[in-house]
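Read the structure below first, then the notes.
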Amino acid sequence: MKTSVTIAAHGAQKLFGWFGGGGLKSTGQFFTMSGYPSGETMAAVAGLSEVLGGLGLLTPLASAAVLGTMINALAVKWGGGFFAPQGVEYEVLLAASAAGLALTGPGRIAIDRFLPGLRAHRLVYGAAAVALAVVLASFVLLIRN
């Protein structure tokens with residue numbers, strides 16, 4: 001739950017500049033400097049993925065959105081070592097949490113735990129969500145300069 005709130009707040013930084021974030025324009029400039037085409041659009045996609053994924057509705061898809069975003073974050077930060085301040089350990093933790101949540105399904109306090117099809121086939125949907133995240137993140141990385 002705390003990881004979800006953290007990732008949603010991180011997305012709000014990108015989209016709205018809340019919690020000391022740069023907002024869409026500044027984040028878009030960072031995305032452009034990082035080699036992504038249409039920096040503001042990509043920042044909006046990342047911010048929405050984090051906010052909506054952090055809210056946790058439709059758990060497998062929400063987890064896929066967060067995982068895909070973290071795969072891209074890892075690609076941008078890779079090379080600075082594993083540990084902070086330049087490292088990727090936080091992104092690895094968030095990516096692993098998102099993949100784990102996708103594979104285990106919604107918990108007791110999730111709204112979508114009441115969806116019987118999702119509960120019955122959570123491993124199948126989770127594996128499909130992880131695969132979707134990897135494919136889409138790879139596509140985004142391919143269009144990055």
Checklist line | Residue among Ser138, Ser97 that is touching a Ser or Thr at 6+ places or on another chain (Cβ under 6 Å) and polar (S, T, N, Q) | finding: Ser97
Item checked: Wholly enclosed helices (runs of 4 or more DSSP H) of the range 53-133 bearing at least 1 residues under 18 Å from the mean Cα position of the chain (by Cα) and among the charged types (D, E, K, R) -> 59-77, 89-104
Check: When both residues are 6+ apart or on different chains and their Cβ atoms are under 6 Å apart, which pairs have a first residue that lies in the range 31-49 and is more than 16 Å from Val76 (Cα to Cα) and polar (S, T, N, Q), and a second that is assigned to a helix (DSSP H, G or I) and open to solvent by less than 10 Å² (accessible area, probe 1.4 Å)?
Finding: none
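Condition check ((1) modelled with pLDDT of 90 or more; (2) in contact with a helix residue (DSSP H, G or I) (Cβ under 6 Å, 6 or more places away or on another chain); (3) under 28 Å from Gly126 (Cα atoms); (4) open to solvent by 80 Å² or more (accessible area, probe 1.4 Å)) across all residues:
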{"position": "Gly23", "(1), (2), (3), (4)": "yes, no, no, no"}
{"position": "Phe31", "(1), (2), (3), (4)": "yes, yes, no, no"}
{"position": "Thr41", "(1), (2), (3), (4)": "yes, no, yes, yes"}
{"position": "Thr59", "(1), (2), (3), (4)": "no, yes, yes, no"}
{"position": "Ala64", "(1), (2), (3), (4)": "yes, yes, yes, no"}
{"position": "Gln86", "(1), (2), (3), (4)": "no, no, no, yes"}
{"position": "Gly105", "(1), (2), (3), (4)": "no, yes, yes, no"}
{"position": "Asp112", "(1), (2), (3), (4)": "no, yes, yes, no"}
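The values are calculated or read from the model by the stated rules, or taken from the named source; none is laboratory data. The model shown is predicted, which means the values in this text are computed figures rather than measured ones. When we count neighbours, we look across all protein chains shown, and the Cβ atoms used for this are built from the backbone with ideal geometry, even at glycine. Surface areas here come from the heavy atoms of the whole protein model, side chains and all, with no ligands, DNA or RNA. Shrake-Rupley method; radii C 1.70, N 1.55, O 1.52, S 1.80 Å.
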